[in-house]
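Visitor: This structure is in structure tokens; I'll ask about it shortly.
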Amino acid sequence: MSWNSWAFGGSAAGDGTASGSPYGQGAVRVLPHGRGRSVAVIGVGYVGLPTAATLAHLGHRVTCGDADPAKVAMLVKGQVPIVEDHLEELVREGQASGRLRFVVGATEAVEGAEFVFLCVPTPQGDDGSADLSYVEAVAAEIGPHLQPGTIIVNKSTVPVGSTLVVERVLGRHDVTVVSNPEFLREGTAVPDSLHPERIVVGADDQAAAAQVGELFAGTHAPLLITDAATAETIKYAANAFLATKLSFVNAVAGLCEAVGADVRDVILGLGYDRRIGFEYLRPGPGWGGSCLPKDTRALVHIAEQAGYDFSFLRGAIATNDEQFIRVVDKVRAAVGDKLEGTVIAVWGLTFKAGTDDLRNSPAVEVVRRLVEGGAVVRAFDPTVTVPPGQESVAVDGLPGTAGGDPDGVRAYPDVYTACEGAAVAVVLTEWDEFRWLDFTRVRVGMARPVVVDARNLLDPAQLRRIGFEYTGIGRR
Ligand code: NAD
């Protein structure tokens with residue numbers, strides 16, 4: 001099925017109907033031409049761009065402002081600077097309809113806007129708290145340029161009370177600030193945006209919140225209107241729950257290894273229970289990405305500030321730190337306890353499959369620890385391009401790449417090249433293509449046929465048949 005057939009159901013011409021989602025979550029309804037609202041989206045990254053393209057798809061007139069001129073230049077040409085399935089088609093459709101445009105900076109973008117979405121980063125501060133400096137900088141920049149009655153929609157993940165902070169920095173009594181946390185997942189950002197499971201809008205001004213909810217009416221998602229503090233808490237609680245679920249299954253995998261059980265069957269036995277379900281119950285090298293690590297730490301900090309000791313969540317974070325150690329220990333054991341000078345092939349660098357995002361990637365965390373132990377890491381990831389004629393590239397954000405260190409981690413154009421001379425191959429991201437390799441060719445190039453599969457992605461029986469030693473997570 002093509003992207004077009006499920007996103008539009010063949011009727012995106014603005015007649016108000018569309019159908020055919022394979023996700024079974026109902027049709028996306030597109031506003032009749034001319035009924036759209038005027039929207040600005042500030043920050044067109046992993047959240048802002050799918051949000052903007054979705055709003056344009058729903059029939060609104062969207063102007064995106066970003067501080068990065070190179071990113072804007074690409075987008076103006078219809079090129080999407082991140083890896084995200086179907087996003088380029090959705091962006092190009094918005095541009096072709098005349099409802100989606102890109103400008104440099106926030107000031108021009110907010111001109112005449114009825115709604116302004118803030119989608120800028122909220123990284124982790126030194127003390128674990130969320131750093132609001134990007135949000136505050138945008139609020140200070142746009143404050144003088146907003147038309148009276150504008151609704152500011154905070155989509156960035158921000159601590160409880162940030163709506164008030166934005167109001168204060170804007171310095172305007174004739175505009176309203178509402179919270180609209182985002183729940184999309186990288187890798188499925190387009191379907192998640194077109195078919196959200198819920199829309200949460202929090203504000204003291206419930207009429208303004210309802211107007212924001214109406215912007216997404218075409219998605220038919222359930223709308224939950226709350227006060228601002230509750231909406232902000234929902235986002236952090238959701239991420240804390242997901243992180244806890246992942247830590248739980250990693251701990252169960254550890255238990256399986258101790259008692260001789262197979263975690264994959266344990267998960268089947270758990271998941272068929274609808275109270276538990278299958279989602280987020282896959283053991284791995286530890287959780288990471290741009291959200292879970294910073295949001296869980298921020299929530300611990302928020303709780304501390306409010307006088308609540310969230311020891312339960314601190315436990316989930318500690319379990320995750322242990323998981324990185326457990327994976328590195330498995331690699332260490334696989335190479336006879338000698339990392340120093342050992343060549344290790346790493347399969348996958350991104351924090352999950354389907355994205356090019358390396359931020360807080362567990363793969364990068366494991367690579368960092370292997371390099372600290374003296375290993376020579378040769379990596380492959382399908383989102384890292386090695387230019388023709390070049391043997392390998394340094395990847396920004398990997399250990400040893402700062403300052404062009406020639407001994408830093410290098411990425412190679414394919415798995416086979418990355419595996420040359422390696423004493424062990426370590427699967428760190430669940431890219432599907434790894435399941436379909438010519439494993440005999442992989443084995444021939446390696447110094448020793450050993451695989452540590454930190455995603456339980458591969459078939460141990462198949463690998464053992466062709467002579468590999470195989471170690472997974474919680475399985476035999
Ligand atoms: P990102 O880094 O991918 O994108 C942020 C964009 O904001 C960048 O393009 C940057 O150039 C731009 N920007 C920064 N300062 C600016 C300014 N002053 N004016 C204009 N543009 C500016 O970040 P992201 O992953 O999209 O995350 C944004 C927010 O959404 C964060 O609070 C994050 O926690 C939250 N969130 C992220 C995800 C996710 O999966 N990435 C999911 C839900 C929520």
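Visitor: Would you mind counting up the charge near LEU437? Only other residues with Cβ under 12 Å from its Cβ, with Lys and Arg at +1 and Asp and Glu at -1. The partial results should precede the final answer.
Guide: Values: positive: ARG435, ARG441, ARG443; negative: ASP414, ASP432, GLU433, ASP438, ASP459.
Around LEU437, the charge tally is -2.
Visitor: Could you calculate the FRET efficiency of ASP273 with ALA70 from 1/(1 + (r/R0)^6), where r is the beta carbon distance between them and R0 is 56 Å, rounded to 0.05?
Guide: Step by step, r from the Cβ atoms, then E = 0.70.
Visitor: Using only DSSP helix segments of four residues or longer, with each worth -39500 (n - 2.57), what per-residue ellipticity at 222 nm results for the chain after dividing by its residue count and rounding to 500? Working shown, then result.
Guide: Values: 17 runs with 181 residues, N = 476.
It lands at -11500 deg cm²/dmol.
Visitor: For a quick check: with amide H placed at 1.01 Å from N, whose amide H comes under 5 Å from ASP204's, ignoring anything fewer than 5 positions away on the same chain?
Guide: The list, which skips near neighbours in sequence, is ALA228.
Visitor: Follow-up. Compute the length gained on full extension between ASP174 and ASP127: take 0.36 nm times their separation in residues and subtract their Cα-Cα distance, giving the result in nm to one decimal.
Guide: Working: separation 47, 0.36 × 47 = 16.92 nm, distance 3.46 nm.
Full extension from ASP174 to ASP127 adds 13.5 nm.
Visitor: What percentage of all Cα-Cα pairs in region 156-314 are separated by more than 19 Å?
Guide: Summing the P(r) of region 156-314 above 19 Å gives 64 percent of all pairs.
Visitor: Is region 365-476 best put as rounded, prolate or oblate by its Cα gyration tensor, with a ≥ b ≥ c the root eigenvalues, rounded for a/c under 1.5, and otherwise prolate when a/b is larger than b/c, oblate when not? Write out the running numbers ahead of the final one.
Guide: On the way: a/c = 1.90, a/b = 1.56, b/c = 1.22.
Verdict is prolate for region 365-476.
Visitor: Related question: Specify the longest stretch of the chain that does not include any exposed loop site, a site being one of the chymotrypsin sites (Phe, Trp or Tyr not before Pro) with a non-H, G, I, E, B DSSP assignment and at most 14 other Cβ atoms within 10 Å. Working shown, then result.
Guide: Working: sites that count: TYR23, TYR272, PHE278, TYR280, TYR308.
Answer from the scan: 24-271.
Visitor: Something else: Say R0 is 35 Å: what FRET efficiency, to the nearest 0.05, do ALA447 and ASP265 get from their beta-carbon distance? It would help to have the intermediate numbers written out before the result.
Guide: On the way: r = 34 Å, r/R0 = 0.96.
The calculated FRET efficiency here is 0.55.
Visitor: To continue, here is another question. Roughly speaking, what is the stretch gain from GLU322 to TRP436, that is 0.36 nm per residue apart minus the C-alpha to C-alpha distance, in nm to one decimal?
Guide: Numbers: separation 114, 0.36 × 114 = 41.04 nm, distance 3.05 nm.
Contour length minus the Cα-Cα distance gives 38.0 nm.
Visitor: Something else about it: Could you give the nm distance between label points at GLN462 and ARG92, where each point is 7 Å from its Cα heading toward the beta carbon?
Guide: In this crude spin-label approximation the distance works out to 3.3 nm.
Visitor: Can you return the lysines within cross-link range of LYS235? Criterion is Cα-Cα under 21 Å, with same-chain partners fewer than 8 residues away left out.
Guide: Within the straight-line cut-off, LYS235 pairs with LYS155, LYS245, LYS294, LYS352.
Visitor: Express in whole angstrom the spacing between the alpha-carbon centres of region 357-378 and region 110-162.
Guide: Distance between centres, Cα-based: 33 Å.
Visitor: Something else now. Name the shape class, rounded, prolate or oblate, that the alpha-carbon gyration tensor gives for the chain, where a ≥ b ≥ c are the square roots of its eigenvalues, rounded holds for a/c under 1.5, and otherwise prolate holds if a/b is larger than b/c and oblate otherwise. Could the numbers behind the result be given before it?
Guide: Working: a/c = 1.82, a/b = 1.66, b/c = 1.09.
It is prolate, given that a/c is not under 1.5 and a/b is the larger ratio.
Visitor: Would you be so kind as to identify all helices of the chain, as entire DSSP H runs, whose Cα atoms reach 24 Å or more along the helix's own axis and whose mean Kyte-Doolittle hydropathy is at least 0.0? Working shown, then result.
Guide: Values: long enough: 228-259 (47 Å, 0.88); 311-334 (34 Å, 0.06).
Length and hydropathy pass: 228-259, 311-334.
Visitor: With a cap of 13 neighbouring Cβ atoms within 10 Å, and only residues DSSP puts in a loop, list the GluC sites (Glu not before Pro) found in region 318-369. Provide the component values of the computation, followed by the final result.
Guide: On the way: sites: GLU322, GLU340, GLU365; in loops: GLU340.
Here the GluC sites (Glu not before Pro) that fit, given the DSSP loop and packing criteria, are GLU340.
Visitor: Evaluate E = 1/(1 + (r/R0)^6) for ARG476 and ASP309, where r is the Cβ-Cβ distance and R0 equals 30 Å; express this FRET efficiency to the nearest 0.05.
Guide: 0.15
Every read-out reported here was derived from the displayed coordinates using simple, explicitly stated rules and does not represent laboratory data. Computed from a predicted structure; not experimentally measured. Every residue, glycine among them, receives a Cβ derived from its backbone with ideal geometry; neighbour counts consider all protein chains shown.
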